[in-house]
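Below: the structure, in structure tokens.
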Amino acid sequence: GISDPSIAGYQPRASLRELSEAFRTRWVHGLNTQSPWGFVKEMVTKDYDRFAPIPWFIGEYGGNGMPKAAIQTDLERMRQTAEEDGSLFVGGAMFQFQTTYWKGGSEMNFGLFGLGETRLNTTGPIPLEWPVYCLDSRLKHLPGDLALRARAVADAWGGSVPKGRGMCPPALLQSPEAETTQEPATSPEMLSPSTRTPESLPHGDLPPLRPMKGIAYGALPCTEHVCGGVGFPSEDMPQAGYAAQWGPDGRDDLGVMRALGANAVRLYHAFGLEVDDDHGAFLDHAAHTGLNVLPGYHTGSDCPMFDCFHTWKNATAFGLDRGFQRGSDWHPAVAMLILLNEPDFFEYAPKCQPPGAWCHVKAVVSALDGVLAAEREANITSGRVKLTVTWSFAMRASIDGKVFGPGVFGFQDVVAGISDPSI
């Protein structure tokens, strides 16, 4: 844990005081889930007082196999909970923007949009060039109103499923959305304040995200399982090579998210893949559009015996040099860094010997240590950007045996050993 890193066999490079201060002032607990909100709320909040005053959020809300009305109701109730006085729940991110054709199987149950047949453009080298297809708001592979996930999000968040740029022609959709008059993704009302420069925008921070209405974004351009076996595109979505998908002159995926009513976009591999390309244009467009960015690190990066200090420090420095830094701070669009995604599965790695929670606890603490070191070297001093790890919703016990439950085991793993949470 933060206060006793030796519980996982880790000796931090930073002082214990610095690690504890970062946890106290910047940490947000996170989890991923496919379960309905009512069950998640019950399992997390019944004993959450032990974690106060640290807030929490849902990094992935899957709504697996749920019809439109159920997803809409869940999202509305999440928002209501986040808006309650004294609530420590911040909100969540819908999983996910686009169907992951390359994964296939049950992963096809997710996504707000599928890909149509109309070719709009071509990506840059990522590393190959891929066709960019229009977005279809009805998931043709899902039956009935299970296919209306985008409409569920828009109705819950007071937005609309756009038409126009980036969307498949209405005649091809054959869905209820095709016959409904809606605002385009480039609606000035939805994109305000699009005329301001990133320098003039207020710095991103967690309070504007309450209630967080995020969308997870990993929209690889593949339309076949394992990308048809012709090569695999990079998963680093904010690189300039993907501008034909997310950019204002392309399909404008960020504008589509904002039209749906989102105020945040979650990324997974923005750091760690070392793509030597500009990432600032993505952040600029997100800022113009009104989306806070939650960039994630490539969880599969190599960490010798789960010591992620040097790997995460170098990945952070690499990203800061390619658009993530603005002056003595992070880019104003950046609101929270997702250091690891579901690291609890590290215990199944062959090198985790003996198998156990020590592997992911060591990875989390050392990754945090590395990010703080990179910030120091880059002279980033404000500390405004929040920090998190998103745990799975598996039923597990914490490393100290004090907590057993989905997601919350990871919350306790981070704070294990802390005798005074106010430190």
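The values are calculated or read from the model by the stated rules, or taken from the named source; none is laboratory data. This structure is a prediction, so every number in the text was calculated from the model and none was measured. Here the Cβ positions follow ideal geometry from the backbone for every residue, glycine too, while neighbour counts run over all protein chains shown. Areas reflect the complete protein model, heavy atoms only, side chains present, ligands, DNA and RNA absent. Shrake-Rupley method; radii C 1.70, N 1.55, O 1.52, S 1.80 Å.
Scan segment 319-352 for residues that are part of a helix (DSSP H, G or I) and under 12 Å from Tyr297 (Cα atoms) and the total you get is 2. Looking at Ala397, Ala378, can you tell me which residue is under 17 Å from Leu31 (Cβ atoms), aliphatic (A, V, I, L, M) and surrounded by fewer than 24 Cβ atoms within 10 Å (Cβ to Cβ)? Exactly one of Ala397, Ala378 is under 17 Å from Leu31 (Cβ atoms), aliphatic (A, V, I, L, M) and surrounded by fewer than 24 Cβ atoms within 10 Å (Cβ to Cβ), namely Ala397. Screening Arg251 on (1) in contact with a Ser or Thr (Cβ under 6 Å, 6 or more places away or on another chain); (2) surrounded by 24 or more Cβ atoms within 10 Å (Cβ to Cβ) shows it passes everything except condition (1).
Residue-by-condition table, conditions (1) of a type outside the set (Asp, Glu); (2) surrounded by 21 or more Cβ atoms within 10 Å (Cβ to Cβ):
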site	(1), (2)
Asp302	no, no
Asp307	no, no
His310	yes, no
Asn314	yes, no
Leu320	yes, no
His331	yes, yes
Leu337	yes, yes
Phe345	yes, no
Pro350	yes, no
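Contact map, segment 249-261: residues that are without any contact (Cβ under 8 Å) to a residue 40 or more places away in the chain paired with residues that are assigned to a helix (DSSP H, G or I), Cβ distance under 7 Å, separation 6+ or inter-chain. Pairs shown: Leu254/Trp246; Leu254/His285; Leu254/Ala286; Leu254/Thr289. A search for C-beta distances below 8 Å between a residue of segment 349-378 that is touching a residue at least 24 places away in the same chain (Cβ under 8 Å) and charged (D, E, K, R) and any residue that is assigned to a helix (DSSP H, G or I) and open to solvent by 50 Å² or more (accessible area, probe 1.4 Å), counting only pairs 6+ apart in sequence or on different chains, returns Lys351/Met305; Lys362/Met305. In the set Glu21, Glu42, Glu60, only one residue is in contact with a strand residue (DSSP E or B) (Cβ under 7 Å, 6 or more places away or on another chain) and either on the phi < 0 side of the Ramachandran plot or of a type in the set (A, V, I, L, M, F, W, C) (or both); that residue is Glu60.
For segment 229-248, filtered to residues that are in a loop (DSSP other than H, G, I, E, B) and open to solvent by less than 40 Å² (accessible area, probe 1.4 Å), the residue that is farthest from Val371 (Cα to Cα) is Gly231. The C-beta contact set for segment 403-414 (first residue aliphatic (A, V, I, L, M), second residue in a helix (DSSP H, G or I) and open to solvent by 10 Å² or more (accessible area, probe 1.4 Å), distance under 6 angstrom, 6+ apart or interchain) comprises Val403/Gln412.
Filter segment 105-155 down to residues that are assigned to a helix (DSSP H, G or I) and in contact with a helix residue (DSSP H, G or I) (Cβ under 7 Å, 6 or more places away or on another chain) and give me whichever is surrounded by the fewest Cβ atoms within 10 Å (Cβ to Cβ). Restricting to residues being assigned to a helix (DSSP H, G or I) and in contact with a helix residue (DSSP H, G or I) (Cβ under 7 Å, 6 or more places away or on another chain), the top hit is Asp145.
Of the residues making up segment 33-51, just one is in contact (Cβ under 8 Å) with a residue 60 or more places away in the chain and small (Gly, Ala, Ser), namely Ser35. Of the residues Val371, Val361, which is outside any strand (DSSP E or B), at pLDDT below 95 and among the aliphatic types (A, V, I, L, M)? Answer to the selection: Val361.
You will find that of Val226, Val265, Val275, the residue that is part of a loop (DSSP other than H, G, I, E, B) and either surrounded by 22 or more Cβ atoms within 10 Å (Cβ to Cβ) or more than 14 Å from the chain's Cα centre (by Cα) (or both) is Val275 and no other. So is Phe23 outside any strand (DSSP E or B) and surrounded by 15 or more Cβ atoms within 10 Å (Cβ to Cβ) or not? Yes.
If we scan segment 284-300, do we find a residue that is of a type in the set (S, T, N, Q) and open to solvent by 10 Å² or more (accessible area, probe 1.4 Å)? Yes, because at least one residue in segment 284-300 is of a type in the set (S, T, N, Q) and open to solvent by 10 Å² or more (accessible area, probe 1.4 Å). Just so you know, in segment 156-165 the residues that are open to solvent by 10 Å² or more (accessible area, probe 1.4 Å) and among the small types (Gly, Ala, Ser) include one that is modelled with the lowest pLDDT, and it is Gly164. Just one residue in the set Gly63, Gly59, Gly30 is assigned to a loop (DSSP other than H, G, I, E, B), surrounded by 19 or more Cβ atoms within 10 Å (Cβ to Cβ) and within 17 Å of the chain's Cα centre (by Cα); that residue is Gly63.
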